[in-house]
Amino acid sequence: MKTKLKAELLREMHRGIEPLLLVNAWDAISARVCEAQGFTAVATGSAGCAAVLGYADGQKIPQAEMLMLVAAMARAVEVPVTADVEAGYGDAAATAQDLWRAGVVGMNLEDYAGGRLFPIEEAVANIKAIRAAVPAMVINARTELYLVKHGEASTRFARAVGRLNAYFEAGADCLFAPGVSDAETIGRLAAAVKGPLNILATVGTPPIAELKRLGVRRVSFGSGPSRVALGAYRRIARSIRDMGTFDALTTEAIPYAEVQKMLARG
């Protein structure tokens, strides 16, 4: 499928009856597993991808290594791929061009890096630059106000809405407010923003059916899936170390042949 068509499909997924569910993958095989389970798009998670290559989250992974990893993920699947590239690595438009060349058709863009919340004018300019450089790119514009608890809590909602709506008017396709988990605030945000709202599902977030009722159009899971996988690995490692047992190899592991079959297509 051509890259531009994938972008059009991903953009349209935000307008469906059901919310777009993005069970964030962290490498090529997890992307293939996600696709094999019937998900219509694959999203990368910055923390999970960074961990694969031995880096902490927060733009610690070099841009070239992140691009290498997300390009491998895009090659591994037929469905559209959207990448979390944090704040854009200093040149959001150039990063968008690199992603597009790698077959990635969507990107998250944060408005916070290095302990600094970008002035709204700077964040808007970054979105406009991406739209000019790669017109078809699906932009998920993200404000960190809630996640980093920036400023006065009493003004946070109004500031978040103001930022997200400015990002939408600048050309963003979807609006992301991580750090919001209570149903009341989620519902108010969904009603107040001008574009589709993305919520990060984590401990304490309402279930997907409730998020749909509240008006959420996109649900992502961040580093959660990759940390669940790490938890399973730690569990079997401890079982081998402490009890000499490895039952999980027969009860939980995806069969070797199935993994090879998924990878053979690439």
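The values are calculated or read from the model by the stated rules, or taken from the named source; none is laboratory data. Since the model is a prediction, treat every value here as computed from it, not as a measurement. Cβ atoms come from the backbone with ideal geometry, glycine included; neighbour counts cover every protein chain shown. Note: accessible area is taken over every heavy atom of the protein model, side chains too, but ligands, DNA and RNA are not part of it. Shrake-Rupley method; radii C 1.70, N 1.55, O 1.52, S 1.80 Å.
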Considering only residues of the stretch 117-148 that are open to solvent by less than 30 Å² (accessible area, probe 1.4 Å) and in contact with a Gly (Cβ under 6 Å, 6 or more places away or on another chain), which is nearest to D84 (Cα to Cα)? V138
Residue hits (the stretch 235-264; of a type in the set (K, R) and loosely packed, with under 11 Cβ neighbours inside 10 Å) are R238, R241
Quick check on the stretch 173-183. Is at least one of its residues in contact with a strand residue (DSSP E or B) (Cβ under 9 Å, 6 or more places away or on another chain), charged (D, E, K, R) and open to solvent by 20 Å² or more (accessible area, probe 1.4 Å)? yes
Please identify the pairs in which a residue from the stretch 233-245 that is of a type in the set (S, T, Y) has its Cβ atom under 6 Å from the Cβ atom of a residue that is surrounded by 10 or more Cβ atoms within 10 Å (Cβ to Cβ) and in a helix (DSSP H, G or I), counting only partners at least 6 apart or on another chain. T245/S239
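Residues checked against (1) on the phi < 0 side of the Ramachandran plot; (2) part of a helix (DSSP H, G or I); (3) open to solvent by less than 20 Å² (accessible area, probe 1.4 Å):
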| residue | (1), (2), (3) |
| --- | --- |
| K60 | yes, no, no |
| L69 | yes, yes, yes |
| A72 | yes, yes, no |
| R75 | yes, yes, no |
| E78 | yes, no, no |
| A96 | yes, yes, yes |
| W100 | yes, yes, no |
Under 8 Å by Cβ, and 6 or more places apart or on different chains, what pairs join a residue from the stretch 66-86 that is free of Cβ contacts under 8 Å to residues at least 60 places away in the same chain with one that is of a type in the set (D, E)? L67/D98; L69/D27; A72/D27; M73/D27; V77/E35; E86/E110
